[in-house]
Every structure is written in C-alpha cells, then in structure tokens.
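Okay, so here's the structure we're looking at.
Taken together, the values in this text are just the output of simple stated rules run on the coordinates, not laboratory data. Here the structure is a predicted model, which means the values were calculated and not measured. Note that each Cβ is placed from the backbone with ideal geometry, even for glycine, and that neighbours are counted across all protein chains shown.
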Amino acid sequence: MTGEGVYEVFARKKRGEPLRHIGYVDAPGDELARVYAWKTYDEEKWFEMCVVPRGAVIPVNRDDGPWGRNRRGEGDDG
Amino acid sequence: MTDSAPSPLARHILSLADTKRLLGIRYSDWILGGPSIETGIAASSMAQDEWGHARLLYSMLKRLGYDPFEVEHTRPAERYYSAPALDDPFADWADFVAATVVVDGALSVALESIAGGNFPLARSRVPKMLAEEEYHHQFGAAWFQRLAGSGGEGAARVAAAARAMLPSTLAWLLPGDGLYRDLVADGSALSLDAVRDRCEARLGPTLSAARIRLDDIEPARAGWDGERRRGPGAPAEEAVERARGDRNRDLFVE
C-alpha cells in the first residue's frame, strides 16, 4: 500500500484502443483503489482498467493541471 | 413453495439465495453513512451483485419444482434459510467489514462447492458470480487488514465482529448432517473436508490479521434446524418485508 491518497483511473474498452483518463478515486491504499475504481466506473464494459497514484503522474508541458504540483515537487512554492 | 421438506440440492440453493438476498439488504444499509463516498459506491455495487446473484439462484429453483415468485415474495421470516449472522442489521462499519470477510467469504466457498458439481445450472451460472465476488473479497480483505492493523478501537471492534459472526456462519457453511452428505454423495457438492480447506484458504489469511484462527472457532450447532440449514432464529421482520417487497406489492408488475 502506498498510503492515503488520490488515484487517477485509466481505462480502455477494447484491446488496441488508447488508455484514457476516466476519473479518480480517493483510497487509503492500492488494493482499495483497484476495488473502488472498478466499482465506481462500472457503467462501461471495460477491457482494461488501471489506477495510478496521483503523485506518480509527472506533467510534461503544463504545470497548471491537477498533476502540476508533482513537477514542482512537494512543498515547492514554484 | 412446496410444503414438503426441500431436497438436499434445493436446500443448498435456497440457503445461498436467501443469504445473498439478506446480505444485499445489509450492504444497502451502508450505501450512505460509510467512511467515504467510495465506500458507499462499493456498498451499492456489492448490494446489486448480491441481489443479482440471489435472483439467479432463486430462478434455479424452478428446475427443482419450485415457483420462484412464491419463494421470493411470500415466505414469512421464520421460513428463511439465510445465515444467522445477517438476522440483524450491522451495528457499525466494523460489522460491515467483518461480514464481507466472514459471511460473503463463506458464501463464495458455498458457491464454489457446487460450481463443478453435476447441477448444470450451477456449472453455467456460478463461475460468473464467483468472478464478481473477487472484488468483494479484495474489498473485505483490504478493509479488514487495515482496521485490524490499526491497533486502536477499530482493531478491537472488527475482531469482535468477526468472532461474533464466525460460529454460526461456520455451522451454516459446514452442515455435517444427512442432507449435506446426500448432496455430496450424488455429486452435486464438494465434501465437507474440501469445503473446510477452501474456507481456510479464503478466510484464513485475512482473519490472521486479527489473530483469529479458524481451527479455534467451534461451529454453533445448538438448536440446528436441518430443514433451513441454520441455527435457531430468523431474520428481522423489517428486512424480510424489504426482501419480499411487501410495501409496494400492489404496484408489482412483471
């Protein structure tokens, strides 16, 4: 378990389709994040779904999105 | 429903169906009021799974000579075959978590016991139910281990809840009576030893987080009701009224 936090949820409907970001869940660890994601975003019949801790997503070209603070670093005012 | 005692297979299926129907109701009580939005959504989804499985199981009884509508909508509480741990509402979130491990886990083992047997409807329908149950198992295991490992009040409460549910649930899962032996003898279900092994494999690792060993738990067989495959008592009337759909019976359309 990685500890309390937000997990971004990605999924695709068919093999070969790109993964797309479909939402997020709050979970106290990896195992519950998997369950919460599957149970929360169950309106579609997904071929594949995965979760990523929000803190592990590193933005490339923008710092003003939900993941911007990861690029700036925890506690960094910049 | 027929007036005669159920066949071994009918008792098993009805016991599974009623337990799933009641478990769905108990889960649904926590769609609001759990620790987070996500737990409420999970409770809602798990309740739907249980009700869907119950409906499929009730429909299997048609093949065994029962009228599924009569079974679902007309029986009084004292004719329910559900596991006694679900007779009363969960008092708190620790009860909910313990039930996902103990009762939902035992239900999955009981389903596994007929998945490879000689009842064709079980062979075709149960595997999908078990696949859906895997998320219940992961949910229960993660929450149980989290609470049990917290060392605080949560640890004490979830351990106490599991200990309270285990004796009656083990008796329900492992009915060492003639009807169950008949079920095994005709190839419909796994032996009690095999069921016990699967129960240990499924529940044991999670319960160990609260230092609970299944070998130390004595199944509660006092007052055993062989026809209903459970100990004495019955689910609370309010839950049975919801299970039967009494309040809106006049609006029932199918």
Could you tell me how many degrees, from 0 to 90 and to the nearest 10, lie between the Cα long axis of helix A:30-40 and the main elongation axis, the longest principal axis, of the Cα atoms of chain A? 60
Dividing the alpha-carbon Rg of chain B by 2.2 N^0.38 Å yields what? 0.96
Sort all Cα-Cα distances of the range A:5-71 into consecutive 10 angstrom bins from zero, then give the percent of pairs in each bin up to the one containing the longest distance. 22, 47, 28, 3
Residue-span extension gain [B:R247 to B:R221] - 0.36 nm each, minus C-alpha spacing: 5.9 nm
Over the range B:80-195, what number does the Rg to Rh ratio reach, with both radii from the alpha-carbon atoms and Rh per Kirkwood? 1.02
Pairs A:K13/A:K45; A:K14/B:K128; A:K45/B:K128: which exceed 18 Å Cα-Cα? A:K14/B:K128
With a cut-off of 8 Å between alpha carbons and a minimum separation of six or more residues, what is the relative contact order of chain A in percent? 30
Say the dipole of the protein assembly as shown comes from +1 at the beta carbon of Lys and Arg and -1 at that of Asp and Glu; which of B:V158, B:A171, B:L107 then lies farthest toward its positive end? B:L107
When only DSSP loop residues count, what GluC sites (Glu not before Pro) in the range B:1-83 have their Cβ near at most 12 other Cβ atoms within 10 Å? none
Would you mind checking the radius of gyration and Dmax of the protein assembly as shown based on alpha-carbon positions, in Å? 21.8, 77
With +1 at each Lys and Arg Cβ and -1 at each Asp and Glu Cβ, the charge dipole magnitude of the range A:5-71 around its Cα centre, to the nearest 20 debye, comes out at 240
Looking at B:I217, B:A234, B:V253, which one has the Cα that reaches farthest to the positive end of the dipole of the range B:179-254 (charges on Cβ: Lys, Arg +1; Asp, Glu -1)? B:I217
Using Cα pairs closer than 8 Å and at least 6 residues apart in sequence, work out the relative contact order for the range B:151-254, in percent. 32
Return the average number of partner chain Cβ atoms within 10 angstrom of each residue Cβ along peptide B:36-47. 4
